[in-house]
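What follows is a short report on a single structure.
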Amino acid sequence: MKILSQKVLASIATAALALGSATSALSQTDSETSVITLNYMSTQVIDIAFVNDLNLIAPPDGTPGPILAEDTFCVAGMGFPNFGITFSNPANPVGGPFELDSSVPGAPPIMYEVFFQNNAGPGMGIPVTPDNLNPGNMIQTPMCMDPTMDNAKFSIEIQEPEWAGRAPDAPFTGLLEITVQAE
């Protein structure tokens, strides 16, 4: 039994040496090459968030001045540096005026102006024309996470001659559509 054990151990040791040296010989003389294609995929994303309804409150008749209201909101994007913004009145044909319609049949609408600025700071911003793209606004954030990230503002102005004496035709309502697009 002792002789068999020594022969088995000797065979195992010889096999291990042979395998070890064969493996070394293979790894030193064999090689493999693989070619892969790399694609960079840039996903463009644009978002507008936290736009709120506005209640336009007229001062009592006789108080001079325009009605002013504003709302801040967030525009975010990835994959492009700038965005364009368009304001429109979906109730009017393309290029139609910004207007509020009376609930009284036959009463004329109240016209208003829209202003935009690419920040949430003070001031009215630049006047916009219905359905015209306002290009070249820099993207300031990749995501709109919460209302504290508001980075743009629109303002509404109704001149006094439009609203003065119109209380009997109230309420006036309208829609303002805001569209942002990547540039």
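The numbers here are math on the coordinates, done by the rules we state, and not lab data. Everything numeric in this text was worked out from a predicted model, so none of it was measured. Heads up, the Cβs are rebuilt from the backbone with ideal geometry, glycines too, and the neighbour counts pull from every protein chain shown.
Miscellaneous remarks
- You can think of it this way: the chain between Val45 and Met143 has 34.4 nm of extra reach, that is 0.36 nm per residue less the Cα-Cα gap.
- Positive contributions from Lys and Arg (+1) and negative ones from Asp and Glu (-1), summed over other residues with Cβ under 9 Å from the Cβ of Cys144, come out at -3.
- The range 62-144 - Rg and Dmax from Cα coordinates, angstrom: 15.8, 52
- Sites Gln181 and Thr33 - FRET efficiency at Förster radius 45 Å, r taken between beta-carbons, to 0.05: 0.50
- Considering all different alpha carbon pairs of the range 98-150, the Kirkwood hydrodynamic radius works out to 14.3 Å.
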